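Read through the structure below, which is laid out as structure tokens, and then see the notes.
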Amino acid sequence: MYKIPKIFLHLIPYILIPLFLHTPCQAQEKFTISGYVKEAATGEVLPGAGVYVREIAQGASANQYGFYSLTLDKGNYKVVYSYLGFQDTVIDVALDKNVHLNINLKSKIIEEKEFVVTDRKAEDNVQSTQMGSTKLAIEQIKSLPAFMGEVDIIKTIQLLPGVQSAGEGNSGFYVRGGGPDENLILLDGATVYNASHLFGFFSIFNSDAINSVELIKGGMPAQYGGRLASVLDVSMKEGNNQDFHVEGGIGVISSRITIQGPIKKNKCSFIVSGRRTYIDVLLQPFISPSSPLKGSGYFFYDLNAKLNYEFSDKDKLFISGYFGRDVFTYDNSETNFNVSIPWGNTTLSARWNHLFGDDLFMNTSFIYTNYNFQSILTEDQFTFSLYSGITDFNGKCDFNYYPSVKHNIKFGINYTYHIFTPSTIAGAAGSVNFTPGADSHLYAQEPAVYISDDFDLSNKIKLNMGLRYSAFEQLGPYQYYVNDVNGNIIDTTHYSNFSKVVFYQGLEPRFSIRYSLNKTSSVKASFTRNDQYMHLPSLSTISLPTDVWVPSSMNIKPEIGTQYALGYFHNFKKDMFETSIETYYKQMANMIDYKDGTTYGDAYMNNFDNSFTTGKGWAYGVELFIKKNLGKLTGWIGYTLSWSYRNFPANNDSLTYPSKYDRRHDLSVVANYDFNQHWTFSSQFVYATGDALTVETGRYYIENNIIPEYGPRNSYRLPPYDRLDVSVTYIRKKHLKYQSSWTFSIYNVYDRHNPYFIYPASTGSIYMGNLKLSEQEVSLFPILPSVTWNFKF
């Protein structure tokens, strides 16, 4: 079994110390104002709501559960509660004892059609220590042009500087030169290992069920770990605890519906949201009997559900879950050949919020996560199946401690038990079953402990200092094959249940500082070190459902990322405009990749890590951002100039090469214009340098075989990518209990044929000596109009 290392024990006192800082002597001189900030109409919490004390010109933000706490000297104060899009509430507080004060903010009636397009408090981007962090309002995401009418959270974050799309129509994303496996994606605290539907064209997030979205790509706080590049933290709605509501939409390829309401008013509420495509139903009547598509079908569906119960102001319980599946099928009755390929995610989270007094907030979570991919092929009496996936059992306890208005201390502990299934193959012929390599599961455990403090050193200087300790241990049962220099198995070593196969550990310091030049501008700097113990190698240029997660092992060390960032932030015209410029430099060690010449299945019936090699990488760049928050015209412009390189001694003749995430220029322009109360217009334009690829440069005829020759890794560039999308939304006159709208979108307005992939083509003959090679580009999406009807009652 796992033994806690000594360094882990040494850190425990630093976690326990904050519990004893608030002494009785302090309690006689200071008192605490605390409570929750919520939306009056629905009871939904408002994470990040501002709480400001006028007399001392200081304040704090509510945490992700809407809880706030301010410890002040005895006295009389005016406390201002604010949240953009809501009316400010000012409360007079005579602080001669601890005060628990819950605040319900009402929606603001915005004059002159000045619409707010962000849900964070004014000047937060300037005054906080956090760098590279963006919070997006769900209503803003819904207002942007949608691909085939389907609103997508991940496609929206791809429009931010430093975030690159994974390709045409793809919902994957790369951050600051990192790979898709370097992004930690969370849904109500549960890790999501594959966030894509339709082979990557849509994400799994149903916007009707989402409350908040935050992307962190620099200066990652200590409570997050296990990834090198970014955190995408998505929280589901809790459900309206005041009234029942039904909303949904009918689009070109899918429909969705959400039901929410109180079970016990102000105490208990629920939300259930479902979505399903009907491509399979719509296309079948138009497929001719001779078409290659005859017999094929595809659909995906999601189900989000959440229940919460407020026992008291001190105790709340949340239970939430997500279940989603993609299913591709093919049925040829003439040849009796059938294919079924389902894959998808399941998450289940149970969280308990508890208040110890007025200044110590605790959240305890128990989380189950599963991602699996399955392929089942049947022909006559023969059946073949392939299964892969990953399952996590996770428990964590996080604390927020507020010893004074100048300090926000976070600390906690986390433990995850992983079960990896790189590949399981089974087959049957009649009544005979065979399962070669059936026991291909890999087991590991990953504990972590962290502490951080966000505090004001002076009126101008604010610091965030954090330290995270993490460890990773691969466990038995495990069969390790000893190979000779030619890869032949010469011996085996067997590890019994829960015995140690290999152990890794690391300290991950996090530091960021903000220096205020004045009330509207600041300079920030950050340093972050991250360890990543899990990897998602791929032989493809994009992430596919067949790609499988593998743990660090005897031959695969944890990846290590170190990032330095510096930025200047400035707001002007009363926070109507936000601007920033950030520069970063990132080093990555122990990166893994497939060895040159590797194909899927090379490691079958051998060590799963035999096909991998290790190397290093680095990335650097500059990000420019300007955003207009108020007025009829809102939106942003983001531009990134970046470089990303890799070096693997076993590949590419040990030469450094551009990574496939290297993209020199990336530009996004987003605009929303409100004509009147019925009509709104949205558009987005994107431009990006073409992806780097490895292509065939020649062919040789040797011993009756044609042998292709490839150029240096990623030495070929696709043409630049650019696209314009527009949408118009018509909002019908609102009735007392019912409202609806129509959204008309056009994807790829000027019909740009952006390459999705290329393949080698040739003319002439190798036998005649006149063979000529060329690269043929394949485009995926032409101009695509769509229409969606949305309703709510």
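The values are calculated or read from the model by the stated rules, or taken from the named source; none is laboratory data. Fair warning: this is a prediction, and the values are worked out from it, not measured in the lab. Glycine also receives a Cβ, built like all others from the backbone with ideal geometry; neighbour counts cover every protein chain displayed. Please note that ligands, DNA and RNA were not included when accessible areas were found on the heavy atoms of the full protein model with its side chains. Shrake-Rupley method; radii C 1.70, N 1.55, O 1.52, S 1.80 Å.
Things to note:
- The residue of the stretch 267-315 that is modelled with the lowest pLDDT, among those that are hydroxyl-bearing (Ser, Thr, Tyr) and surrounded by fewer than 16 Cβ atoms within 10 Å (Cβ to Cβ), is Ser291.
- Within the stretch 176-213, the set of residues being within 22 Å of Ala619 (Cβ to Cβ) and part of a strand (DSSP E or B) comprises Asn183, Leu184, Ile185.
- Total residues in the stretch 294-326, condition in contact with an Asp or Glu (Cβ under 9 Å, 6 or more places away or on another chain) and over 17 Å from Gly239 (Cβ atoms): 10
- So Asn714, is it on the phi > 0 side of the Ramachandran plot and not aromatic (Phe, Trp, Tyr): yes
- Residues that are farther than 19 Å from Phe685 by Cα and either in a strand (DSSP E or B) or within 24 Å of the chain's Cα centre (by Cα) (or both) within the stretch 643-670 comprise Trp643, Ser644, Tyr645, Arg646, Asn647, Tyr657, Pro658, Ser659, Lys660, Tyr661, Asp662, listed in sequence order.
- Within the stretch 509-527, tally of residues that are touching a Pro at 6+ places or on another chain (Cβ under 8 Å) and either crowded, with 16+ Cβ neighbours inside 10 Å or not in a strand (DSSP E or B) (or both): 1
- For the residues Ser538, Ser470, the requirement of being under 24 Å from the mean Cα position of the chain (by Cα) and farther than 18 Å from Ile216 by Cβ singles out Ser538.
- Exclusive hit being in contact with a Phe, Trp or Tyr (Cβ under 8 Å, 6 or more places away or on another chain) and in contact (Cβ under 8 Å) with a residue 60 or more places away in the chain, set Gly615, Gly638: Gly638
- Here Asn394 does not qualify as open to solvent by 20 Å² or more (accessible area, probe 1.4 Å) and either over 30 Å from Val550 (Cβ atoms) or touching a Leu at 6+ places or on another chain (Cβ under 8 Å) (or both).
- Residue, farthest from Phe744 (Cα to Cα), within the stretch 657-682, restricted to residues that are open to solvent by 50 Å² or more (accessible area, probe 1.4 Å) and modelled with pLDDT under 90: Lys660
- Residue match in the stretch 577-597 (condition: in contact (Cβ under 8 Å) with a residue 60 or more places away in the chain, open to solvent by 30 Å² or more (accessible area, probe 1.4 Å) and over 22 Å from the mean Cα position of the chain (by Cα)): no
- Exactly one residue among Gly621, Gly638, Gly615 is open to solvent by less than 30 Å² (accessible area, probe 1.4 Å) and under 30 Å from Ile731 (Cα atoms), and that residue is Gly638.
- If the condition is being more than 16 Å from Ala40 (Cβ to Cβ), in contact (Cβ under 8 Å) with a residue 40 or more places away in the chain and open to solvent by less than 50 Å² (accessible area, probe 1.4 Å), then the stretch 236-266 contributes Met236, Val246, Glu247, Gly248, Gly249, Gly251, Ile253, Ser254, Arg256, Thr258.
- Look at the stretch 304-324: where a residue is in a strand (DSSP E or B) and a partner is basic (Lys, Arg), sitting 6+ places away or on another chain with Cβ atoms under 6 Å, you get Glu310/Lys267; Glu310/Lys316; Phe318/Arg351; Ser320/Lys306.
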